[in-house]
Structure formats: structure tokens, C-alpha cells
Amino acid sequence: MTALLPTTPAVPTTPLRVLICDEMNPGNLVHDGFEIHYEGNMAREETLRRLPEYDALITRSRTKVDRELIDAAGSRLKVIGRGGVGVDNIDLDYASLRGLLVLNAPESNNVSAAELAIMHLMAAARGLTRSDSKTRQGVWDRKFLGLELKDRTLGIVGLGRIGSIVADRAQGLRLNVVAFDPYVPDSKFERLGVKRAASLDELLPQVDFLTVHTPLTDETTGMIGARELALLRPDSIVVNAARGGIIEEQALVDALHSGHLFGAGVDVFVDEPPTADHIFLSAPNLGITAHLGANTREAQERVGAEIVARVLAALQGDVSKGAVNAPALDAKTLELLGGHLDLGGKLGRILAQLLPGAHDIEVTFQGEFPADPAPVVTAVLVGYLSGSTDELPNMINARALAKERGLNVAIREVADSPDYQTEVIVKVLSGGPVSGGAEKERTRTVGGTVFGRSPRLTRLRDYRVELEPQGFILIASNQDKPGAVAKLSNLLGTWGVNIAGMALGRAQKGGEALFTLTLDDGLTHEQLQAIRDLDVIDSAYIVRV
């Protein structure tokens, strides 16, 4: 397959044609070099008939862009734009297979979503839902005492685009703001004037109000449960206008019933729409909206204008904004670098868990690679940013997202590789100046190579290892003395955790040693702490590749 779009736009001899087949406010439709036809609520049969005449298609959620529609488009169609965030109506796998770029406009609702979170906070603080319900029932209750926001502390989980806007608006309300986001560098906290919490457990006890603004991932699903809610100050307020499931629904309701929480506000459910007997619907002091984060007139106007602008830019070769899928590299590059691309993604994911929130990332290529290894750098960034950004990173947008995050990227090439034919070494740096002018900087380094097309870990910190990076990897350091591996293996055995692979490394005999275990299953926080408490273990971490 050839590259999807040219990197340098060619001047079209005939206008590029764009079809908008769903209702939206697309803004200005007159652009040099383009013909844009707006046909809101176009019948499917008409879309199927006319689509082969266009270079790009723009939809909302109504039109199903499935195999039938993609096949009907023929070879002319290059770009599919989806106004808004979701792309559930588009067959992404088939679009990617056909070399079609899929774009969306996730930023258009940032302000609206942030303002909704603030609205829920203010409504809960003043008992709006409670008072509205009682007044409609004929009960004139003026005894209820609400809470002022001024001089209280708001905790934010996730300081991405929406969380940053919430922080700005909260400071305007004279709230103190502290946030937890391990993937954001210190420079962003300083720029926003937000205090940094090193962990969720550090954040929760010091806040009066809590709002979450993270993507829904394996890591964030259920991250605020009964234990975390109990850490909040009595009479706290909790808001979830991000994704259903980040805050455990039953735990939130229990905390409201017990009186530990003063109130709460939710815009999202795990399953939407909720059933008539959903526990939220009878919970006390809980304000509910029907997933309205993007539903303002202004956001809807921005959606249309932004997706049109991004589609036009993509047709001219600029695919840096809004890309949802990663079109295939050409067949020759995939054949030559496929294993190294896989390796780069794995190294990035490992480092994201060992040292999130880095400000610098350095990728060193050692040896003679079969092709220009530049795409491997992008694969590393995709792995490092996965699960930590509002927008899903891919081979198209990863570099732009890294720049937005403030992540500096450096590339080094060394002609000789002393131990392998090729080796990719990735180092990330985090931290910076502290009081007294001293430097407090942390680094993590991982390296790998490819055997055939199979990635292998070759380096962790300054230690040589050889391990297939898959599943769960337990990384432990200890003094090089007999018995360490045996004690750890016995402990894992008592939990029924199977060891699939092992690699050992040491700097010198009798000094510090490092060993890695590939496990079939993950470990709980309590199990990991039990490993750290062993007298033969200096440190232990687990990563999921």
C-alpha cells in the first residue's frame, strides 16, 4: 500500500470535493481549491450513489460509514471526517485497511465540558438538586446550608485539555487547585499555577472537592472506589463529567448515603442511557445530567468548523491534527521495520509506567538498520503517550501530541552496535531545578533489539537482560546474594502467579543485581508491596506491555 497522503501538497488542477452528509454548522464553505457540498440528513441511498465523486466525506453520528459505504466510494475517497469525539459509526479497521484517514474534532467541546463540571460542583455545593426537588413537591425548605467555594481546595485528577480549563475557571472562583497527573511535566503545573500531588493518595486527603478528567483506560477504570472516597475530607463533593466508570458507581452512592460526601454531580454512566432502576436515580444529593458535556450551541458550532478545517488540511497533506487511525505505512517499510516498530511501541509503554511525565525523551539507534528508522521514534512516542492524553496517539499525531505535552525528542544514531546487529535504546528524563539550585532529575532507560521479527528487551537501566516483552513484567533489584530469586518465586507461588520467563543481570559480583520476571497475571498493590517488603528486595515495579 502506498502512503496515504503526500507530505508536500500538490497544487490541484481541479478542485478537491468534500461532501457533508449530516446536519451540522460547517461555517464557511468557500475555500480556494475546494468544492464543499453541504447536504444535511442525506439519505443513505443518495450518499452511496454520490460518494464516488468526492475526495472526502464528513459526518456526525447519524451516517454509518461501514464497509458498504467505503466500498461504494471507490478509489477517489481519501479522508473521512467525524464531527465531534466519537467514531463508533465508522468502521475504523476497514477504513485503515483501505488507506483512508479518519479525523475527528475532540477539542471542540473542551470549554463546554469544563464548564459543565464547574456547574455540577456549584450545584452540589448549594444543594440545587435537593432544593429543586423539595420545592416541586411543595416543601419550602430554607434550613438547608450549602457551602461556599471560595478559599476551599479543588482536586483535579487529569490535567489534560479539559482539566486545565477546569483549573483556570476554579482559580477564578478563588479556589485553591491541586492536581494529580503523572503524565504531565512540572512545567505545565507551574504554568497553570496548580500544586502538584505526587499520587492519588496524596491528593485526596487535602481536597474539599474532587473532579476527574482522564481518559477511560484499564488503569483509570474504577480508580476512585470506596477506599479512595474514604480518604476525602468529610463533607466533600465529587464530580464526574469525564467517563462513566472512572468513579465506581456503587461506591459513590454508598458514600452519599453514609453522609461522608456532602454531594456529587455526574454527567456520565457506565451504561447509557441508565435503566429505570439505576442506583444513581435514587441517590441523595446527587445531580445528574444526560452526558451533556458537548451540548452547547457554541461547541456544536465549533465542531462543524473545526472538522471542515481539519479535513481540508488533510487533503493538502497536513495530517497532524485530529487523526484517529494510523493508515498503513508502505509495504516495503513494514517489511523492513515491522519488528522494530513493534519494539518501539513496547519500549515506550514500559517507560510510561516506569517514569511518566517526562520532559525529555532520547532515542538512540545503534547498528545498521534495514531502512530509515525514523518511524520507530514515532512508535516509541505512541507507546509512551498511550493512555495519558485526551486524544488517542497514533503514527500520525504522536509527534504533535508530544510537542503539545512539552516532551522534547532527541535522536542519536551510532554506526556500531557492540552486542547486537541493531539496538534501540530509549531514555526519558523527568524533574528539574529544586530549591537551592540543585538538580533533582530522574532518568529511566530501556533498550531492545529484534530477532527475526520478534522484539526482545536487552537493557533495563544499566543492566543487560534478554527477555521477550509481553504480558506483565516484574522488575526487581536486590543485592547479588543467593536466595533472592527463590524467596520471590516462593511468594509468587503462594499466590498462584505463574512465571513465564526470567532474565538476570548485575553490575558486578556481590553488588546490585536486577532480575525481571514475565508473569501470566498482574499483581495487586498489596502483593507488590509484599514483594517490596522482602528483606532481599531493594525495589520492585510491575509493568504491562
Can you pull out the residues in the range 44-70 that are in contact with a helix residue (DSSP H, G or I) (Cβ under 9 Å, 6 or more places away or on another chain) and open to solvent by 10 Å² or more (accessible area, probe 1.4 Å)?
Arg44, Leu48, Arg49, Pro52, Arg60, Thr63, Lys64, Asp66, Arg67, Glu68
Taking the range 157-211 only, how many residues are within 24 Å of Leu401 (Cα to Cα) and part of a loop (DSSP other than H, G, I, E, B)?
13
If you take the residues in the range 71-85 that are open to solvent by 30 Å² or more (accessible area, probe 1.4 Å) and in contact with a strand residue (DSSP E or B) (Cβ under 9 Å, 6 or more places away or on another chain), which one is nearest to Gly40 (Cα to Cα)?
Val85
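For (1) among the charged types (D, E, K, R); (2) outside any helix (DSSP H, G or I), each residue gets a yes or a no:
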| position | (1), (2) |
| --- | --- |
| Val268 | no, yes |
| Leu292 | no, yes |
| Ala305 | no, no |
| Val311 | no, no |
| Gly317 | no, yes |
| Lys332 | yes, no |
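Only one residue in Ile237, Ile350 is open to solvent by less than 10 Å² (accessible area, probe 1.4 Å), assigned to a strand (DSSP E or B) and of a type outside the set (Phe, Trp, Tyr), so which one is that?
Among Ile237, Ile350, only Ile237 is open to solvent by less than 10 Å² (accessible area, probe 1.4 Å), assigned to a strand (DSSP E or B) and of a type outside the set (Phe, Trp, Tyr).
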Looking at the range 326-340, can you tell me whether even one residue there is polar (S, T, N, Q) and within 25 Å of the chain's Cα centre (by Cα)?
no
(1) open to solvent by 10 Å² or more (accessible area, probe 1.4 Å); (2) within 21 Å of Val428 (Cβ to Cβ); (3) of a type outside the set (Lys, Arg): which one isn't true of Gly483, the others all being true?
(2)
For the range 138-191, the count of residues that are open to solvent by 40 Å² or more (accessible area, probe 1.4 Å) and either more than 23 Å from Leu381 (Cβ to Cβ) or free of Cβ contacts under 8 Å to residues at least 24 places away in the same chain (or both) equals 21
Given the conditions (1) in a loop (DSSP other than H, G, I, E, B); (2) of a type in the set (A, V, I, L, M); (3) within 26 Å of Ser236 (Cβ to Cβ); (4) under 21 Å from the mean Cα position of the chain (by Cα), report the number of the one that Val87 does not fulfil.
(3)
If we keep just the residues of the range 1-26 that are modelled with pLDDT of 60 or more, farther than 16 Å from Ala313 by Cβ and part of a loop (DSSP other than H, G, I, E, B), which is most open to solvent (accessible area, probe 1.4 Å)?
Thr13
Return the pairs, sorted by first residue and then second, in which the second residue is open to solvent by less than 70 Å² (accessible area, probe 1.4 Å) and among the basic types (Lys, Arg), the first residue lies in the range 27-44 and is part of a strand (DSSP E or B), the beta carbons are less than 7 Å apart, and the residues are 6+ apart or on different chains.
Glu35/Arg17
Within the set of pairs 6 or more residues apart or between chains, which connect a residue that is farther than 16 Å from Asp538 by Cβ inside the range 474-493 to a residue that is open to solvent by 10 Å² or more (accessible area, probe 1.4 Å) and in a helix (DSSP H, G or I) with Cβ atoms less than 9 Å apart?
Leu492/Gln527
Checked Asp168, Asp91 against criteria (among the acidic types (Asp, Glu) and either farther than 27 Å from Gly431 by Cα or modelled with pLDDT under 90 (or both)); the one match is Asp91
Single condition Ala117 does not satisfy, out of (1) in a helix (DSSP H, G or I); (2) out of contact with any helix residue (DSSP H, G or I) (no Cβ under 9 Å at 6 or more places or on another chain); (3) under 27 Å from Phe269 (Cβ atoms)
(2)
Filter pass, Asp254 being among the acidic types (Asp, Glu), part of a loop (DSSP other than H, G, I, E, B) and surrounded by fewer than 21 Cβ atoms within 10 Å (Cβ to Cβ)
no
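Look through the range 353-375, keep the residues that are among the aliphatic types (A, V, I, L, M) and open to solvent by 10 Å² or more (accessible area, probe 1.4 Å), and return whichever of them is modelled with the highest pLDDT. Reasoning before the result, please.
Just the residues of the range 353-375 that are among the aliphatic types (A, V, I, L, M), to begin with: 354-355, 358, 361, 363, 371, 374.
Retained after the next criterion (residues that are open to solvent by 10 Å² or more (accessible area, probe 1.4 Å)): 354, 371, 374.
Numbers: Leu354: 91, Ala371: 87, Ala374: 88.
Of everything passing the filter in the range 353-375, Leu354 is modelled with the highest pLDDT.
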Whichever residue in the range 120-137 is among the basic types (Lys, Arg) and either assigned to a helix (DSSP H, G or I) or touching a residue at least 60 places away in the same chain (Cβ under 8 Å) (or both) and, among such residues, is nearest to His213 (Cα to Cα):
Arg130
Gln529 being more than 30 Å from Val376 (Cβ to Cβ), modelled with pLDDT under 85 and open to solvent by 40 Å² or more (accessible area, probe 1.4 Å):
no
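The values are calculated or read from the model by the stated rules, or taken from the named source; none is laboratory data. Everything numeric here is computed off the predicted structure, so don't read it as measured data. Reconstructed Cβ throughout: ideal geometry from the backbone, glycine too, with neighbour counts over all protein chains shown. Accessible surface areas use protein heavy atoms only, side chains included; no ligands, DNA or RNA. Shrake-Rupley method; radii C 1.70, N 1.55, O 1.52, S 1.80 Å.
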